[in-house]
1. Against the conditions (1) touching an Asp or Glu at 6+ places or on another chain (Cβ under 7 Å); (2) modelled with pLDDT of 95 or more, where does PRO27 fall short? Just the number, please.
2. Can you name every residue in segment 131-164 that is under 9 Å from the mean Cα position of the chain (by Cα) and farther than 17 Å from VAL221 by Cα?
3. Residue pairs, Cβ under 7 Å, 6 or more apart or interchain, first in segment 47-64 and in a loop (DSSP other than H, G, I, E, B), second of a type outside the set (A, V, I, L, M, F, W, C) and buried (at least 21 other Cβ atoms within 10 Å of the Cβ). List them.
4. Which helices (runs of 4 or more DSSP H) sit wholly inside segment 72-188 and have at least 2 residues that are closer than 21 Å to ARG198 by Cα?
5. Would you be able to tell me the number of residues in segment 72-105 that are under 21 Å from the mean Cα position of the chain (by Cα) and either farther than 18 Å from GLY163 by Cβ or of a type in the set (Ser, Thr, Tyr) (or both)?
6. Take segment 116-137 and flag every residue that is of a type in the set (Asp, Glu) and at pLDDT 90 or above.
7. Is it the case that segment 194-207 has a residue that's outside the structural domain of LEU47 (by TED's automatic domain parsing) and either of a type in the set (Val, Ile, Thr) or under 30 Å from VAL98 (Cβ atoms) (or both)?
8. List pairs: first residue in segment 92-117 and not assigned by TED's automatic domain parsing to the domain that holds ASP174 and exposed (fewer than 14 other Cβ atoms within 10 Å of the Cβ), second residue of a type outside the set (A, V, I, L, M) and in a helix (DSSP H, G or I) anywhere in the structure, Cβ distance under 8 angstrom, at least six positions apart or on different chains.
Amino acid sequence: MSICLRAASLLNSAMPRPDRRHFYPKPDTRGGEGLWLYGLHAVRAALANPARKLKRAVLTARAAEEIGPKLLARVRHETADADAVTRLLPPGAIHQGVALQCEPLAQRDLDEVLEAPSDGRRILLILDQISDPQNTGAILRTAAAFGVNAVIVQDRHSAPESGALAKAASGALDIVTVVHVVNIARTLEELGKRGFWRIALVGDGDSALKDAAGAGDVALVLGSEGSGIRRLVREHCDAAAAIAIDRKMESLNVSNAAAIALYELRRA
């Protein structure tokens, strides 16, 4: 019996080992390897953003044709099959044949954003503990569509920059300014001193959003679907407004509520 086991061991050691050089390591999306973005819209927007520090792109020949040589000239890139792109990314990532390794965007300062020139009313969107990347990405996409000046999130309890968020944002992550703050209540206090009318969007609001908005600069606060806007944050708002919906439905998804609210503000 021992002779058979020894023979089997010798046979296994003599067999050629598989070449693993073609396997890609699982990336650390926030560590030293940088961030991996994927999807045509997200990657195209990142390549077009001069503030984005790029490392390399891996993409299929078809995706390279879709993105075009002008944008790809900004980054070291290589063509590969779709399976090779898949191995670079988290399971289930819908990459459309392209993955881009880059650095997270540099943090922006709120004072810098507020001092930038703006045509007409300024709208700031404040996300209070919205941590789902799909919701945050969808909100960023809506913010880009309606010309929001900045989206403000808290350093903690918010969705970090990631490939999933960028994919849901469909390019808006590299279009809309995102500002990280330590304390949302204190930020609202500062915005009030700067003339912003602060509105909490809640289900039990005192008035409709169109009546609460006024005509000046607006800071609109959205809360998470679970706990909503925190008490202290709501207390730092000038008004609490609601979106009128049919009683058969208790509430709206926060990203849908953001789209309706921003439409109302821009229409006003």
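The values are calculated or read from the model by the stated rules, or taken from the named source; none is laboratory data. Computed from a predicted structure; not experimentally measured. In this analysis, Cβ positions are derived from the backbone assuming ideal geometry, glycine residues included, and neighbour counts consider all displayed protein chains.
1. Every listed condition holds for PRO27 apart from (2).
2. So in segment 131-164, the residues under 9 Å from the mean Cα position of the chain (by Cα) come out as 133-141, 159-164.
Of everything in segment 131-164, those that are under 9 Å from the mean Cα position of the chain (by Cα) and farther than 17 Å from VAL221 by Cα turn out to be PRO133, GLN134, PRO160, GLU161, SER162, GLY163, ALA164.
3. Hits for this filter: ASN49/ASP174; ARG52/ASP174; THR60/GLY97.
4. Working: elements: 82-88, 110-115, 133-145, 163-169.
Helices (runs of 4 or more DSSP H) meeting the threshold: 110-115, 133-145.
5. Of the residues in that region, 1 qualify.
6. Within segment 116-137, the first condition is being of a type in the set (Asp, Glu), and the residues that meet it are 119, 128, 132.
Residues satisfying the conditions are ASP128, ASP132.
7. Going residue by residue through segment 194-207, those that are outside the structural domain of LEU47 (by TED's automatic domain parsing) are 194-207.
Next, only the ones that are either of a type in the set (Val, Ile, Thr) or under 30 Å from VAL98 (Cβ atoms) (or both) stay: 199, 202.
Within segment 194-207 (the criterion being outside the structural domain of LEU47 (by TED's automatic domain parsing) and either of a type in the set (Val, Ile, Thr) or under 30 Å from VAL98 (Cβ atoms) (or both)), the answer is yes, since at least one residue qualifies.
8. Matching pairs, first to second residue: ILE94/LYS167.
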